[in-house]
1. For residue 58, state whether it is under 20 Å from the mean Cα position of the chain (by Cα) and exposed (fewer than 11 other Cβ atoms within 10 Å of the Cβ).
2. Surrounded by 12 or more Cβ atoms within 10 Å (Cβ to Cβ), more than 23 Å from the chain's Cα centre (by Cα) and either assigned to a helix (DSSP H, G or I) or touching a residue at least 12 places away in the same chain (Cβ under 8 Å) (or both) - does that describe any residue in segment 66-81?
3. Anything in segment 5-28 that is in contact with a helix residue (DSSP H, G or I) (Cβ under 6 Å, 6 or more places away or on another chain) and either closer than 30 Å to residue 45 by Cα or exposed (fewer than 10 other Cβ atoms within 10 Å of the Cβ) (or both)? List them, or say none.
């Protein structure tokens, strides 16, 4: 409620960046289905690479959101200091 009422621009940005979590989810779930149709070694390689990419994607989205939160906090402190 506080963010919605007092910081609407930040809330809009945060929601937009939260959609970035869907790409890593697809990278994590996609190989489970693709592994059924690909031969053993190729399927294993794609599975390993996509899981690594999925976790890296989650980390990147998380770090971007943390940087945005830090920017908001710094801006707020500058205004209210």
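1. No, not satisfied.
2. Among the residues of segment 66-81, at least one is surrounded by 12 or more Cβ atoms within 10 Å (Cβ to Cβ), more than 23 Å from the chain's Cα centre (by Cα) and either assigned to a helix (DSSP H, G or I) or touching a residue at least 12 places away in the same chain (Cβ under 8 Å) (or both), which makes the answer yes.
3. Across segment 5-28, the qualifying residues are 17, 20, 21, 23, 24, 27, 28.
Here, each number is a calculation from the coordinates, and none is a lab measurement. None of these values were measured; they are calculated from a predicted model. With ideal geometry, Cβ positions are generated from the backbone for all residues, glycine too; neighbour counts draw on all protein chains shown.
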